[in-house]
Amino acid sequence: MNQQNQKRAKNLAGTLFIASIAVSIAGAIVSAKMGYMGLGKPICINDIGSDIAYFTLLGSQMAAVILGISSQIYDLIRRQIKIKSLFKFIMNMMVICLAIVFTTNFDRGHFHCQSEAKQNLAAIWTAYTSYYSDYGTFPRAPYIVKNGKTYNCLSIADWEPKKNFRYSYKCMGTVVYSPRRGGVDCEEAITGASQNDFTVAACANIDRDSTVDEWTIDTAKKLKNIVDDVKN
């Protein structure tokens, strides 16, 4: 390789190296901001932030490949210097370690998504218990008219999901709250109510497969994960 081509190859390797480092850092920052590293909002499929973090993750993985290619080119140019081969080995090992960390935290992020269903169903149980104390029965219709105003079987008990919720919520066989993106039905969960008993459900697709994560809670406060979207 003549001196001019060697210089071009070296410049290319350096550019790829810097680009891969920059994208990897950007991926780590965006992932952390979106909750990917267990901070802030968890990563779920049905919100825009999750899509940004997901594709940033893919970009970071591609950057890792670029990093490997650039180090190979760099080694080709400098292979006569043994310390450069050691440098390449160390960098490749760092890429592998980062990939393992990203994959581990991606799975953990889905468990964080499930916390919404567990917390909200517990809050619904509290609201229903309070409603029963006041009226001696649980809400027994999907929609109820009270004082000229129509309520659903959750809002009548003074419960509504907070802004940017990700799960759909079902009572009396009817989904009464769905997120703006990615709303699904709780097909496996049987919901209903009588004077002294009730079962309500929450469901969402929290990853990128066809399985729907489904949870129920009943009068005895038994919280069940009918379908686990993290494991399926």
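Derivation of every value follows stated rules applied to the coordinates shown; laboratory data play no part. The model shown is predicted, which means the values in this text are computed figures rather than measured ones. Every residue, glycine as well, gets a Cβ built from its backbone with ideal geometry; the counts of neighbours run over all protein chains shown.
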Using alpha carbon positions and the Kirkwood radius, the Rg to Rh ratio of segment 143-203 is 0.98
Charge sum, other residues only, whose C-beta stays under 12 Å from PHE138's C-beta, Lys/Arg counted +1 and Asp/Glu -1
-2
For the pair GLU188 and VAL145, what calculated FRET efficiency results from E = 1/(1 + (r/R0)^6), where r is the Cβ-Cβ distance and R0 = 25 Å, to the nearest 0.05?
0.25
VAL145, VAL200 arranged by Cβ crowding within 10 Å, fewest neighbours leading:
VAL145, VAL200
Give me the net charge for the shell around TRP215: Cβ to Cβ below 9 angstrom, other residues only, Lys and Arg +1, Asp and Glu -1.
0
